[in-house]
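Worksheet for the structure shown next.
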Amino acid sequence: MTQAPVTPELEKAAERADSRRGFLIGLPASGYLVLFFAIPLVLVFVYSFASRSSTGLTVLEDWNLDSYRRLLDPLVVEIFVRSFVLALATTVICLLASYPFAYYVATRGAALRNVLLILVMIPFWSNFLVRTYAWRVLLGTDGVISQISQGFGGESMRVLFTPLAVLIGLVYGYLPFMVLPLYAAIERLDWSLVEAARDLYADGWTAFRRVTLPLSMPGVVAGSILVFIPSLGAYVTPAILGGARTVLMGDYIVSQFLAARNWPFGSALSFAVMFVMLIAAMFYFRAGARTL
């Protein structure tokens, strides 16, 4: 049986069929994103230009930029800077703590490697809110840190409701998001390049700086973005461990919607944070493209 010759018309028909098949397969996911992400995002964007009446109600007829002008208020700038610094510190600490551990895991045998990876993923098996409340108990006046201090003859310590407590909670909560991308990047390294560097009389630090670290940069960038973005907009951890003394951007946005009932300003704050996150995501994709 002879096979029909492949013509440009048949190729175009096959491409159209593949395109229709891909559209139908992706239709449920696309509909879900439009319904639960795109439409709410548009509504928040519209509300950011609204105004408030004398009774505190949101008025959509009188559109203005007052909410965006308030983003430059000293209080908002202070809260944003505090959130940015804590998110950056969380990212740096997670990176410094995760890279040696990810390197160790990637260079172990299969059995030990699987055990260590399970240990990394165990926190995901419990509720994040419960784990954060556990830190509230540990960092309180009667917590472990305070008891250790008293055991050495010191005074009772309460780390709770301080920026340090928020930093500890953020590092604990987002550390696995740094370990896993780093492990994936290091595990795929071509170790023959490291051996070649050592054969060329490079010491361990030089081989790491010139070969291992550049080749693992996709994992470094991916892990940093996965930690920095949620840390910048974190709400649960600052609310539980920081209290009223350490207000971050996530807490401030929630208070504008629920307590102050200032939906236009809360929407503008949300879009300001999303803009910063978008810049971070663009940096990730550009950095990823340069490493390919």
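Using DSSP to call loops (not H, G, I, E or B), can you name the chymotrypsin sites (Phe, Trp or Tyr not before Pro) in segment 59-105 whose Cβ has at most 13 other Cβ atoms within 10 angstrom? Could you put the intermediate results ahead of the total?
Numbers: sites: Trp63, Tyr68, Phe80, Phe84, Phe101, Tyr103, Tyr104; in loops: Trp63.
Here the sparse-neighbourhood loop sites are Trp63.
Suppose only helical runs count, i.e. DSSP H with n ≥ 4. What mean residue ellipticity at 222 nm does that imply for the chain under -39500 (n - 2.57) per run, divided by all residues and rounded to the nearest 500 deg cm²/dmol?
Value at 222 nm, helices only, nearest 500: -22000 deg cm²/dmol.
Put +1 on the Cβ of each Lys and Arg and -1 on the Cβ of each Asp and Glu in segment 8-59; which of Ser48, Gly31, Ser19 then has its Cα farthest toward the positive end of the dipole?
Positive-most Cα among the choices belongs to Ser48.
What net charge is computed for the residues neighbouring Ala234, neighbours being all others with C-beta under 14 Å from the C-beta of Ala234, Lys and Arg scored +1, Asp and Glu -1?
On the way: positive: Arg82, Arg131; negative: Asp251.
Result for the local shell: +1.
Could you do me a favour and compute the accessible area per residue for the chain, 1.4 Å probe, result in Å²?
61
Which ³J(HN,Hα) values, rounded to whole Hz and listed in residue order, are derived for segment 112-128 from phi using the Karplus coefficients 6.51, -1.76 and 1.60 in 6.51 cos²θ - 1.76 cosθ + 1.60 with θ = phi - 60°, glycine and proline given as x?
5, 4, 5, 5, 5, 5, 5, 4, 5, 8, 4, x, 5, 7, 10, 5, 5
Enumerate by residue number the chymotrypsin sites (Phe, Trp or Tyr not before Pro) in segment 134-199 meeting two conditions: DSSP loop (anything except H, G, I, E, B), and at most 11 other Cβ atoms within 10 Å of the site's Cβ.
Passing sites in segment 134-199 are Phe152.
Residue-wise, which Karplus ³J(HN,Hα) couplings in Hz belong to segment 230-237, taking 6.51 cos²θ - 1.76 cosθ + 1.60, θ = phi - 60°, and x for glycine or proline?
x, 5, 5, x, 5, 10, 5, 4
Any idea which of Val137, Trp263, Ser216 is furthest toward the positive side of the dipole for the chain, if Lys and Arg beta-carbons carry +1 and Asp and Glu beta-carbons -1?
Val137
Rank Thr206, Thr132, Thr107 by mean-square fluctuation in a GNM of the chain with C-alpha springs under 10 angstrom and give only the top-ranked residue.
Thr206
Where the only charges are on Cβ atoms (+1 Lys, Arg; -1 Asp, Glu), what is the dipole of segment 8-59 about its Cα centre, to the nearest 20 debye?
Computed charge dipole of segment 8-59: roughly 240 debye.
Looking at the chain, identify the longest residue range that excludes and avoids all GluC sites (Glu not before Pro) in DSSP loops having at most 10 other Cβ atoms within 10 Å.
Working: sites that count: Glu61, Glu155.
Between exposed loop sites, the widest span is 156-292.
In percent, how large is the relative contact order of segment 21-166, given Cα pairs closer than 8 Å and 6 or more residues apart? Before the final figure, lay out each step's value.
On the way: 67 pairs, mean separation 12.2, N = 146.
It comes to 8 percent, rounded to a whole number.
Per the 1.4 Å probe, what fraction of the accessible area of segment 3-116, in percent, lies on carbon and sulfur atoms?
After summing per-atom areas, the C and S share lands at 71 percent.
Please identify the longest segment of the chain free of exposed trypsin sites (Lys or Arg not before Pro), where exposed means a DSSP state other than H, G, I, E or B and no more than 15 other Cβ atoms within 10 Å. Show your work: numbers first, answer last.
Numbers: sites that count: Arg108, Arg158, Arg188, Arg245, Arg261.
By the stated rule (loop sites, at most 15 other Cβ atoms within 10 Å), 1-107.
Using the Karplus equation 6.51 cos²θ - 1.76 cosθ + 1.60 (θ = phi - 60°), what ³J(HN,Hα) coupling, rounded to whole Hz, does each residue of segment 277-283 give in order, writing x for Gly and Pro?
Here the 3J(HN,Hα) series is 5, 5, 4, 5, 5, 4, 4 Hz.
Using amide H atoms built 1.01 Å from N in the peptide plane, name the residues 5+ places from Arg52, or on other chains, whose amide H lies under 5 Å from its own.
For Arg52, whose amide H was placed from the backbone, the distant partners under 5 Å are Val59.
Let me spell out the model: positive unit charges on the Cβ of Lys and Arg, negative unit charges on the Cβ of Asp and Glu, origin at the Cα centre of the chain. What dipole size does that give, in debye rounded to 20? Kindly include the intermediate steps, with their values, before the conclusion.
Working: 21 positive and 17 negative charges, 34 e Å.
Roughly 160 debye for the chain.
The values are calculated or read from the model by the stated rules, or taken from the named source; none is laboratory data. Predicted model, so just to flag it, every value in this text is computed and none were measured. Cβ sites come from the backbone with ideal geometry, for glycine too, and all protein chains shown count toward neighbours. The accessibility values were calculated without ligands, DNA or RNA, using every heavy atom of the protein model including side chains. Shrake-Rupley method; radii C 1.70, N 1.55, O 1.52, S 1.80 Å.
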